[in-house]
There are 2 protein chains.
Amino acid sequence: MLTLSAATMGETGEFAFLSELLPKLAGGRGVLVGPGDDCAVVAVGTRRLLLTTDALVERVHFERRWMTPHQLGRRAYLVNASDIAAMGGRPRFCLLSAGVPASLPARELMQIERGVAAAAQETGAALVGGNLTRAARLFLSVTLIGDAPRRPARRDGARPGDFLFVTGALGEAALGLRRLRRDARATDPAARRFREPLPRLTAGALLVERRIASAMIDVSDGLLGDLAHVCAASGVGAEVSSSAVPRPPGVDAFDPALAFEGGDDYELLFTVRPRQLALLDRLRSKLGCAVTRIGRITPRATGVRVVDRDGRAHPVSARGHDHFGGPRRSPSRSRR
Amino acid sequence: MLTLSAATMGETGEFAFLSELLPKLAGGRGVLVGPGDDCAVVAVGTRRLLLTTDALVERVHFERRWMTPHQLGRRAYLVNASDIAAMGGRPRFCLLSAGVPASLPARELMQIERGVAAAAQETGAALVGGNLTRAARLFLSVTLIGDAPRRPARRDGARPGDFLFVTGALGEAALGLRRLRRDARATDPAARRFREPLPRLTAGALLVERRIASAMIDVSDGLLGDLAHVCAASGVGAEVSSSAVPRPPGVDAFDPALAFEGGDDYELLFTVRPRQLALLDRLRSKLGCAVTRIGRITPRATGVRVVDRDGRAHPVSARGHDHFGGPRRSPSRSRR
């Protein structure tokens with residue numbers, strides 16, 4: 001537990017703060033799901049909306065030389081769209097709050113805005129407004145309002161016995177991040193993947209609409225970190241088969257831990273009741289991406305474990321990104 | 001007009017960028033009012049929502065020593081509520097995207113969040129979610145979603161012959177800002193006013209519901225700057241009677257220009273058709289604040305003029321805040 005009297009945010013960390021402290025503040029008329037999930041869910045008339053916000057900060061999440069302003073704008077939007085995907089929703093309206101150094105060329109800011117607007121349009125949404133202020137370092141804070149499905153997927157729906165699935169492959173964006181740190185102009189698939197997340201909107205919507213996903217989250221903080229969020233919210237444990245976790249070839253050669261701990265993939269991690277497995281198999285071709293079974297939900301007492309083919313526990317701890325370098329930070333991992 | 005090929009944001013300025021460039025990007029299904037007004041207006045089912053976002057950045061908008069973390073959180077919310085007031089709406093849901101130095105005590109961040117949540121609750125809204133990231137300097141970007149009235153007030157509804165009104169008094173927050181720069185602990189009314197904006201939600205809602213305001217804006221950038229926005233959007237000019245502009249006693253003694261150019265007051269500036277003057281007079285007691293007639297809308301060709309009692313033009317130019325120190329910046333005014 002936290003001792004708030006003295007701790008800095010660097011000592012407390014993002015996860016602990018958000019999970020333990022913020023939820024106590026929320027609630028109110030029309031609030032169906034408050035803080036603590038990928039999106040809030042609110043009622044407006046007879047409709048339900050998803051609300052989410054996420055910011056990219058220069059020197060924390062990116063360096064400007066890593067990508068074009070247009071790509072940066074796209075990225076700021078797409079990481080938010082991934083939160084909408086994780087609840088099974090569809091993006092509708094987008095706001096951009098930008099903090100901009102006075103030295104930034106106006107043309108670059110225009111390209112950033114165009115990137116946001118283009119990515120919004122491609123996913124069926126519209127950039128409807130924003131705010132612009134001066135800041136020493138560039139930040140882009142996007143808020144996305146989406147149409148909610150009838151029963152939005154949440155983090156707290158997993159039960160022991162559920163199977164654990166992930167879309168796409170993991171670790172590529174983290175590999176791309178490491179490449180960009182050495183070569184800002186890198187054009188390999190991993191670098192491209194970091195620059196351009198692929199929010200799984202089609203898969204997310206279908207998995208929720210057909211009630212296949214009993215719990216869901218997007219993998220933004222790393223597989224084990226986000227799995228830990230699902231397990232904490234659902235009051236369960238999980239066992240992940242290390243060999244089953246899909247990763248592109250380059251990841252293992254560089255560092256196998258990237259698939260477990262690397263963030264920024266924006267794939268979907270979801271759980272499926274055994275009786276829904278057959279339905280998932282029938283819908284595979286409509287999801288727009290691969291889905292791979294990587295493990296099973298267990299009782300809470302077993303915690304989150306990664307096992308190899310022989311059933312031996314794998315020495316990968318349940319860590320995730322924490323931009324504050326809080327308690328989850330491993331000493332060997334650079335601060336982001 | 002802008003030459004985007006070379007200009008930095010410092011040269012271009014916030015107003016020019018937002019007014020000339022951003023609107024071209026917007027539009028889409030369900031978007032009734034896009035960028036360029038105090039809020040966007042969107043349709044969700046049979047309901048209409050107001051969407052707005054605004055950020056406070058350390059060293060640009062405030063210094064941490066000027067107020068408690070709780071006051072800062074309240075302020076971050078209230079400046080957004082003022083945008084909802086300016087369209088005649090009611091706040092409903094709030095998101096906070098915070099960028100926080102690792103050195104910030106977790107307790108202070110908790111007080112900031114509590115301040116946002118408390119101010120939201122007081123105005124009938126709820127803090128439903130947020131995002132937290134590391135940043136070199138503190139920033140608080142709030143997004144507010146509000147219920148729209150049937151006909152939201154806009155900036156573009158003023159016509160020559162309309163009377164010009166303002167709620168409350170002007171210049172006090174700008175005076176408070178100057179006092180805080182000299183004494184961070186100042187407790188005089190002006191300093192308190194800077195710390196705690198008073199969004200005119202009751203007045204805004206009533207002025208719109210009863211169709212008294214033909215155009216409206218909140219005075220966040222200074223009277224003349226925001227009046228210029230109304231005039232540009234409506235294609236009109238305006239004549240302001242300098243002696244009619246209500247200001248607290250301390251303002252004139254310090255610098256009479258504060259009432260015309262000082263920002264951060266978050267009063268409402270609105271126009272009224274002559275035939276609606278009687279209705280406004282009948283409703284005065286229900287607005288929750290004073291309203292003062294300060295001038296008249298004129299044809300576009302006359303521009304925005306400030307005249308004294310004798311009808312002589314006053315040497316106050318139509319400037320407003322620009323956090324980039326863009327073209328509207330006067331050399332004598334410090335950058336914020």
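If you check B:Arg309, B:Arg273, B:Arg329, B:Arg296, which single one turns out to be open to solvent by 50 Å² or more (accessible area, probe 1.4 Å), modelled with pLDDT of 95 or more and over 17 Å from the mean Cα position of the chain (by Cα)?
B:Arg296
Given the options A:Glu239, A:Glu209, name the one that is under 18 Å from A:Pro152 (Cα atoms) and charged (D, E, K, R).
Numbers: A:Glu239 fails: under 18 Å from A:Pro152 (Cα atoms).
The unique qualifying residue is A:Glu209.
Any chance you could count how many residues in the range A:206-226 are open to solvent by 30 Å² or more (accessible area, probe 1.4 Å) and part of a strand (DSSP E or B)?
So the count comes out to 0.
Here is a yes/no grid of residues against (1) under 29 Å from B:Val42 (Cα atoms); (2) charged (D, E, K, R); (3) in contact with an Asp or Glu (Cβ under 9 Å, 6 or more places away or on another chain):
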{"residue": "B:Glu63", "(1), (2), (3)": "no, yes, no"}
{"residue": "B:Ser103", "(1), (2), (3)": "no, no, no"}
{"residue": "B:Glu113", "(1), (2), (3)": "yes, yes, no"}
{"residue": "B:Thr123", "(1), (2), (3)": "yes, no, no"}
{"residue": "B:Ala126", "(1), (2), (3)": "yes, no, no"}
{"residue": "B:Gly130", "(1), (2), (3)": "yes, no, yes"}
{"residue": "B:Phe139", "(1), (2), (3)": "yes, no, yes"}
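If you go through the range A:130-149 one residue at a time, how many are basic (Lys, Arg) and outside any strand (DSSP E or B)?
1
Can you pull out every residue in the range B:284-301 that is basic (Lys, Arg) and assigned to a strand (DSSP E or B)?
Filtering the range B:284-301 for residues basic (Lys, Arg) gives B:284, B:286, B:293, B:296, B:300.
Within the range B:284-301, B:Arg293, B:Arg296 qualify.
For (1) away from chain A (no Cβ under 11 Å); (2) farther than 28 Å from B:Val240 by Cα; (3) at pLDDT 95 or above, each residue gets a yes or a no:
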| position | (1), (2), (3) |
| --- | --- |
| B:Ile84 | yes, no, yes |
| B:Asn131 | no, yes, no |
| B:Ser141 | no, yes, yes |
| B:Ala186 | yes, yes, yes |
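Looking at the range A:22-39, can you tell me whether even one residue there is at pLDDT 95 or above and more than 11 Å from chain B (Cβ to nearest Cβ)?
no
Inside the range A:119-138, can you point out the residues that are out of contact with any Leu (no Cβ under 9 Å at 6 or more places or on another chain) and within 18 Å of A:Pro197 (Cβ to Cβ)?
Residue satisfying the conditions is A:Glu122 alone.
Examine the range A:151-168 for a residue that is open to solvent by less than 10 Å² (accessible area, probe 1.4 Å), of a type in the set (S, T, N, Q) and either over 29 Å from A:Arg90 (Cβ atoms) or not in a loop (DSSP other than H, G, I, E, B) (or both), and state whether such a residue exists. Can you show your working first?
Filtering the range A:151-168 for residues open to solvent by less than 10 Å² (accessible area, probe 1.4 Å) gives A:153, A:158, A:162, A:164-167.
Filter again for of a type in the set (S, T, N, Q), leaving A:167.
Subset that is either over 29 Å from A:Arg90 (Cβ atoms) or not in a loop (DSSP other than H, G, I, E, B) (or both): A:167.
There is at least one residue in the range A:151-168 that is open to solvent by less than 10 Å² (accessible area, probe 1.4 Å), of a type in the set (S, T, N, Q) and either over 29 Å from A:Arg90 (Cβ atoms) or not in a loop (DSSP other than H, G, I, E, B) (or both).
Answer yes or no: is there a residue in the range A:46-55 that is on the phi < 0 side of the Ramachandran plot, open to solvent by less than 30 Å² (accessible area, probe 1.4 Å), in a strand (DSSP E or B) and touching a Ser or Thr at 6+ places or on another chain (Cβ under 6 Å).
There is at least one residue in the range A:46-55 that is on the phi < 0 side of the Ramachandran plot, open to solvent by less than 30 Å² (accessible area, probe 1.4 Å), in a strand (DSSP E or B) and touching a Ser or Thr at 6+ places or on another chain (Cβ under 6 Å).
So if I check each of A:Gly157, A:Gly161, A:Gly129, A:Gly124, which one is of a type outside the set (A, V, I, L, M, F, W, C) and in contact with a Phe, Trp or Tyr (Cβ under 9 Å, 6 or more places away or on another chain)?
Answer to the check: A:Gly129.
Can you go through A:Arg75, A:Arg92 and tell me which one is charged (D, E, K, R), within 8 Å of another protein chain (Cβ to nearest Cβ) and under 22 Å from A:Ile217 (Cα atoms)? Steps first, answer last, please.
Numbers: A:Arg75 fails: within 8 Å of another protein chain (Cβ to nearest Cβ).
One residue alone meets the criteria, A:Arg92.
Sort out which residues of the range B:61-100 are out of contact with any helix residue (DSSP H, G or I) (no Cβ under 6 Å at 6 or more places or on another chain) and open to solvent by 10 Å² or more (accessible area, probe 1.4 Å), and write them in order of number.
Once the filter is applied, which keeps residues that are out of contact with any helix residue (DSSP H, G or I) (no Cβ under 6 Å at 6 or more places or on another chain) and open to solvent by 10 Å² or more (accessible area, probe 1.4 Å), the range B:61-100 yields B:His61, B:Glu63, B:Arg64, B:Arg65, B:Thr68, B:Asp83, B:Arg90, B:Arg92.
For B:His229, work out the one condition from (1) open to solvent by 50 Å² or more (accessible area, probe 1.4 Å); (2) out of contact with any Gly (no Cβ under 7 Å at 6 or more places or on another chain) it doesn't fulfil.
(1)
Mind checking which residues of the range B:177-205 are open to solvent by less than 30 Å² (accessible area, probe 1.4 Å) and in a helix (DSSP H, G or I)?
Correct list: B:Leu177, B:Leu180, B:Ala190, B:Ala191, B:Arg193, B:Phe194, B:Arg195, B:Leu201, B:Ala203, B:Gly204, B:Ala205.
Search the range B:102-124 for residues being part of a loop (DSSP other than H, G, I, E, B) and within 7 Å of another protein chain (Cβ to nearest Cβ), and hand back the single one that is surrounded by the fewest Cβ atoms within 10 Å (Cβ to Cβ). Spell out the reasoning first.
Pass one, the range B:102-124, residues part of a loop (DSSP other than H, G, I, E, B): B:102-104, B:123-124.
From what's left, within 7 Å of another protein chain (Cβ to nearest Cβ): B:102-104.
Numbers: B:Ala102: 18, B:Ser103: 9, B:Leu104: 21.
Only one residue fits best here, namely B:Ser103.
The values are calculated or read from the model by the stated rules, or taken from the named source; none is laboratory data. Model, not experiment: these values are computed from the prediction. Using ideal geometry, Cβ is built from the backbone for each residue, glycine included, and neighbour counts are taken over all protein chains shown. Accessible surface areas use protein heavy atoms only, side chains included; no ligands, DNA or RNA. Shrake-Rupley method; radii C 1.70, N 1.55, O 1.52, S 1.80 Å.
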